[in-house]
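The values are calculated or read from the model by the stated rules, or taken from the named source; none is laboratory data. Since the structure is predicted, the reported quantities are computational estimates derived from the model, not experimental observations. No Cβ is skipped: glycine too gets one built from the backbone with ideal geometry, and neighbour counts run over all protein chains shown.
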Amino acid sequence: MSVESDIAIDVRGLTKSFGAKKVVDNFTLQVARGNIQGFLGPNGSGKTTTIRMLCGLLTPDSGEGRCLGYDIRRQQEEIKRYVGYMTQGFSLYRDLTIRENLEFVARVYGLEAPEDAAQGALERLGLVARAEQLAGELSGGWKQRLSLGACILPGPSLLLLDEPTAGVDPKARRDFWDEIHHLATQGLTVLVSTHYMDEAERCHQIAYIANGRLLASGTIPAIIAGAHLSTWVVTGEGLDSLGSELKYQPGVDMVARFGAALHVGGRDEAAMARVAQRYSAEGVHRWKRDEPTLEDVFIDLMTRAGADQ
Amino acid sequence: MSAEQSLPNVAPRPARRGALAQAWQRVLAMFVKEFIQLRRDRPTFAMIVGIPLIQLMLFGYAINTDPKHLPTAVLTSDDSPIARALIGALRATDYFDIKYVTRGEADADKLILSNKAQFVIQIPPDFSRQLVRGEKPALLLIADASDPVAASGAIAAALGAANQALDRELIGPLASLSQNAAPYEIRVHRRYNPAGETRRNIVPGLIGTILTMTMLMYTAMSVTREIERGTMEALLAMPILPVEIMLGKIAPYVVVGAVQMATILIVASLLFQVPVVGSLFTLSSLTLLFIIANLSVGYTFSTVAVNQLQAMQLTFFFFLPSMLLSGFLFPFYGMPKWAQYVGEFLPLTHYLRIVRSVMLKGSTFGDLFVDAGALAAFALVAMSIAVMRFRQTLD
Ligand SMILES: Nc1ncnc2c1ncn2[C@@H]1O[C@H](COP(=O)(O)OP(=O)(O)OP(=O)(O)O)[C@@H](O)[C@H]1O
Ligand SMILES: [Mg+2]
């Protein structure tokens, strides 16, 4: 059965324009079954548009691909059956109770006993006590939990989660990610878009998109290695003015403040080393060579992408 | 929530039903959902019975009562006892409230045009003299018949009163004049609406008009509402077909329409004594067909409209010709040919024929199959357009 194929997402060259604007440009991605694929990129970079093409809600202008072995252009009906899509905003019915929402989903997916299925989901989600509460009255964390519960209720094989943890407190975010990992161990494939670095670090693989173009993809070590960024950590007084000065130095590609330190990086290792030498000679700041973090790499990618926006 | 509790176990993929049972279940899912939403929408829910009741009362009473004390002007330069007796007799009918006495025709016209008077009673200058000479003079009753129902009762009363009006005045040498019917005649000039329509036509017509309006409004926003509330994206990502969404969204309002129909029929027969001559079953089933046709039209609008405001505008553009060209306001066969052709494409036109025939003449299915067929065709075409127009993607 194609649902059980080893590659859950396999798309090549997806392109989508709205008017004259190319929102997604030649997007290619493979995700193996049971993997958690992180999907990152600045606002408006095309994440939501890409996810919508994956689940058949948008038709790509060009490119092709399969989800769970089903053609994303021609087999949308099958895809809808076995793919759970959690939209960026809350999209369940606010004027229905939690139970009514779950029963609605269970019926639409044609489950044998929709009332029992909804009850089971309520128990799994720990929402039994709130079952008769209107969905619109829930807090952000519970809304997100309910949305995920509604997505997994019909037993999908692939989950597409679009910024599921936006506006959710750290504890609920942590619980949510525990849940996603738990689902993955049971064989579900998950693609999740996020803006949080700590969440990115919990993914098996990451794809980074900017201006509709895929700039990096793979495991975290591979992405960091592939960036060829030599990074220095600077500490001392007056980091802000130093930072704005450094931005215009030849050889410096990335400057970012992290707490009490400044991360300075460049792709030309020799040029970067010269800058570090020159400034540390002044004796005002401490310069230390360090491995780049994932965030350093993303800031560099974003800075570069911003240049041609 | 504790960490343990927050780890839901994924159930093994739940069993699903057979294909046909699934399709039925999806329609049911939509039906239940829409019904709950309707029930929670308190103002709308309360108005299911409220709107038709209020409209029926407003329209029904405005049209139906037999109004008395209508503002009247007397146009005369004759101040004889005979003229005064005539005016007294008309006043005694209670229909005429003589508010103005004038000598100029222009003044009288102005009173009618400015709606200050609904009737002008014109007594010619030499009325008494002609009467005494036995020349059968004419008394002119000018009626503003733009509201024909209001005018007709008064006119009938005037004609009746006039016969006995002068019995007391015509005594002595004049007694011979009152031996024949009346020594004068009353000429009625209906202005603005010489045909005049009967009130029995109007109450059945109201049933159709009210249902058209409420049914259109219920479904015209059902798709745009999902889009504007952001629930459409999730719905489209679920395995449900456009035709299933449509049926599930229309079905609850068929029930609502049936409730409204019952309300209107009961109230109409209690308050306005409009009988149902024909079979109640025929009336109900054909009304149900009409309800479905209107719901389909409204739903089609909601698949075409981009937002709720547009949906409202479309509804209005459909409702207006329905009122004007269906035969509700003007007699259908009195309209110009082109208007009749347009009218044939409105469900209300066919329903008016059905409801008037069944209620007033006792017509049966057999007499009405052309109009019933037209309603069914209308519903089918509208539904097909809606299913084709329904955007299954967000492109
Ligand atoms: N239906 C549409 N019509 C026109 N433009 C659109 C449409 N949908 C998205 N866009 C544009 O496409 C671009 C990418 O949007 P998209 O929602 O995919 O970005 P995103 O990466 O999900 O952003 P965010 O992180 O803010 O959610 C944006 O500039 C957006 O304005
Ligand atoms: Mg987005």
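Scan the helices (runs of 4 or more DSSP H) fully inside the range B:196-311 and keep the ones with 1 or more residues being aliphatic (A, V, I, L, M) and closer than 24 Å to A:Val105 by Cα. Reasoning before the result, please.
Numbers: elements: B:199-220, B:222-228, B:232-236, B:242-272, B:280-304.
By residue number, B:222-228, B:232-236, B:242-272.
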Pairs please, first residue from the range B:351-368 and farther than 21 Å from B:Ala379 by Cα, second anywhere and among the basic types (Lys, Arg), Cβ atoms under 7 Å, 6+ apart in sequence or on different chains. B:Leu360/B:Arg200
Looking at the range A:103-114, which of its residues are closer than 11 Å to B:Ala29 by Cβ and of a type in the set (A, V, I, L, M, F, W, C)? A:Phe104, A:Val105, A:Ala106, A:Val108, A:Leu111
Residue within the range A:63-71 that is within 15 Å of ligand 1 (Cβ to nearest atom) and either of a type outside the set (Gly, Ala, Ser) or in the same structural domain as A:Ser217 (by TED's automatic domain parsing) (or both) present: no
Residue within the range A:7-19 that is within 16 Å of ligand 2 (Cβ to nearest atom), within 14 Å of chain B (Cβ to nearest Cβ) and among the aromatic types (Phe, Trp, Tyr) present: yes
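Among the candidates B:Asp367, B:Asp395, single out the residue that is out of contact with any helix residue (DSSP H, G or I) (no Cβ under 9 Å at 6 or more places or on another chain) and either outside the structural domain of B:Ala268 (by TED's automatic domain parsing) or not basic (Lys, Arg) (or both). Give the steps one after another, and end with the answer.
Numbers: B:Asp367 fails: out of contact with any helix residue (DSSP H, G or I) (no Cβ under 9 Å at 6 or more places or on another chain).
Only one candidate passes the filter, namely B:Asp395.
Taking the range A:104-113, which residues are at the interface with another protein chain (Cβ under 7 Å from one of its Cβ atoms) and either of a type in the set (Ser, Thr, Tyr) or within 29 Å of the chain's Cα centre (by Cα) (or both)?
At the first step, the residues of the range A:104-113 found to be at the interface with another protein chain (Cβ under 7 Å from one of its Cβ atoms) are A:104, A:107-112.
Result: A:Phe104, A:Val108, A:Tyr109.
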Among the listed residues B:Pro347, B:Pro331, B:Pro321, identify the single one that is at pLDDT 95 or above, within 18 Å of the chain's Cα centre (by Cα) and of a type outside the set (A, V, I, L, M, F, W, C). B:Pro347
Every residue in the range A:148-175 that is within 16 Å of ligand 1 (Cβ to nearest atom) and either touching a Leu at 6+ places or on another chain (Cβ under 8 Å) or facing chain B (nearest Cβ under 9 Å) (or both), please. A:Leu160, A:Leu161, A:Pro164
When you go through A:Arg52, A:Arg74 one by one, which is the residue that is basic (Lys, Arg) and within 9 Å of chain B (Cβ to nearest Cβ)? A:Arg52
Only one of A:Asp95, A:Asp116 that is at the interface with chain B (Cβ under 8 Å from one of its Cβ atoms) and more than 30 Å from A:Phe298 (Cα to Cα): A:Asp95
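For A:Leu57, are the conditions met, namely being within 11 Å of another protein chain (Cβ to nearest Cβ) and assigned to a loop (DSSP other than H, G, I, E, B)?
Details: within 11 Å of another protein chain (Cβ to nearest Cβ): yes; assigned to a loop (DSSP other than H, G, I, E, B): yes.
Answer is yes for this residue.
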Which of the residues belonging to the range A:139-181 are in contact (Cβ under 8 Å) with a residue 60 or more places away in the chain and outside any helix (DSSP H, G or I)? A:Pro154, A:Pro156, A:Ser157, A:Leu158, A:Leu159, A:Leu160, A:Leu161, A:Asp162, A:Glu163, A:Pro164, A:Ala166
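Answer yes or no: is there a residue in the range A:24-32 that is within 13 Å of ligand 2 (Cβ to nearest atom), touching a Pro at 6+ places or on another chain (Cβ under 9 Å) and either in a loop (DSSP other than H, G, I, E, B) or assigned by TED's automatic domain parsing to the domain that holds A:Tyr82 (or both). It would help to see each step written out before you state the result.
If we filter the range A:24-32 for residues that are within 13 Å of ligand 2 (Cβ to nearest atom), which is where we start, we get A:24.
With the extra rule that they be touching a Pro at 6+ places or on another chain (Cβ under 9 Å), the set shrinks to A:24.
Next cut, either in a loop (DSSP other than H, G, I, E, B) or assigned by TED's automatic domain parsing to the domain that holds A:Tyr82 (or both) only: A:24.
Looking for residues that are within 13 Å of ligand 2 (Cβ to nearest atom), touching a Pro at 6+ places or on another chain (Cβ under 9 Å) and either in a loop (DSSP other than H, G, I, E, B) or assigned by TED's automatic domain parsing to the domain that holds A:Tyr82 (or both), one finds at least one in the range A:24-32, hence yes.
Quick grid of which residues meet (1) away from ligand 2 (no atom under 16 Å from the Cβ); (2) touching a helix residue (DSSP H, G or I) at 6+ places or on another chain (Cβ under 9 Å); (3) free of Cβ contacts under 8 Å to residues at least 60 places away in the same chain:
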position	(1), (2), (3)
A:Gln37	no, no, no
A:Thr48	no, no, no
A:Thr59	yes, yes, yes
A:Arg74	yes, no, yes
A:Ser91	no, yes, yes
Please count how many residues of the range A:136-147 are of a type in the set (S, T, N, Q) and either within 9 Å of chain B (Cβ to nearest Cβ) or under 20 Å from A:Phe104 (Cβ atoms) (or both). 2
So, A:Thr87, is that one within 21 Å of A:Ile152 (Cα to Cα), within 18 Å of the chain's Cα centre (by Cα) and crowded, with 16+ Cβ neighbours inside 10 Å or not? yes
Options A:Leu102, A:Leu183, A:Leu153, A:Leu138: the member that is farther than 21 Å from A:Ile79 by Cα and more than 16 Å from ligand 2 (Cβ to nearest atom): A:Leu138
Keeping to the range B:381-392, report how many residues are in contact with a helix residue (DSSP H, G or I) (Cβ under 8 Å, 6 or more places away or on another chain) and either of a type in the set (Val, Ile, Thr) or more than 16 Å from ligand 1 (Cβ to nearest atom) (or both). 7
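Might you let me know whether the range B:230-248 holds any residue that is among the acidic types (Asp, Glu), without any contact (Cβ under 8 Å) to a residue 12 or more places away in the chain, within 14 Å of chain A (Cβ to nearest Cβ) and buried (at least 19 other Cβ atoms within 10 Å of the Cβ)? Steps first, answer last, please.
First pass over the range B:230-248, keeping only residues among the acidic types (Asp, Glu): B:233, B:244.
After this cut, where a residue has to be without any contact (Cβ under 8 Å) to a residue 12 or more places away in the chain as well, the list is none.
No, there is no match, as no residue in the range B:230-248 is among the acidic types (Asp, Glu), without any contact (Cβ under 8 Å) to a residue 12 or more places away in the chain, within 14 Å of chain A (Cβ to nearest Cβ) and buried (at least 19 other Cβ atoms within 10 Å of the Cβ).
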Return a yes/no flag: does the range A:124-135 have any residue that is at the interface with chain B (Cβ under 7 Å from one of its Cβ atoms), more than 27 Å from the chain's Cα centre (by Cα) and in a helix (DSSP H, G or I). no
I'm told A:Phe18 meets every condition in (1) surrounded by 15 or more Cβ atoms within 10 Å (Cβ to Cβ); (2) within 8 Å of ligand 1 (Cβ to nearest atom); (3) of a type in the set (A, V, I, L, M, F, W, C) except one. Can you identify the failing condition by its number? (1)
Go through the range A:184-202 and give me each residue that's within 16 Å of A:Leu148 (Cα to Cα) and in contact with a Phe, Trp or Tyr (Cβ under 9 Å, 6 or more places away or on another chain). A:Leu191, A:Val192, A:Ser193, A:Thr194
Test result for A:Arg202, of a type in the set (Lys, Arg), within 16 Å of ligand 1 (Cβ to nearest atom) and more than 12 Å from every other protein chain (Cβ to nearest Cβ): no
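Working carefully through the options B:Val274, B:Val243, B:Val267, find the one that is in the same structural domain as B:Leu309 (by TED's automatic domain parsing) and under 29 Å from B:Leu20 (Cβ atoms).
On the way: B:Val274 fails: under 29 Å from B:Leu20 (Cβ atoms); B:Val267 fails: under 29 Å from B:Leu20 (Cβ atoms).
Going through B:Val274, B:Val243, B:Val267 in turn, the sole match is B:Val243.
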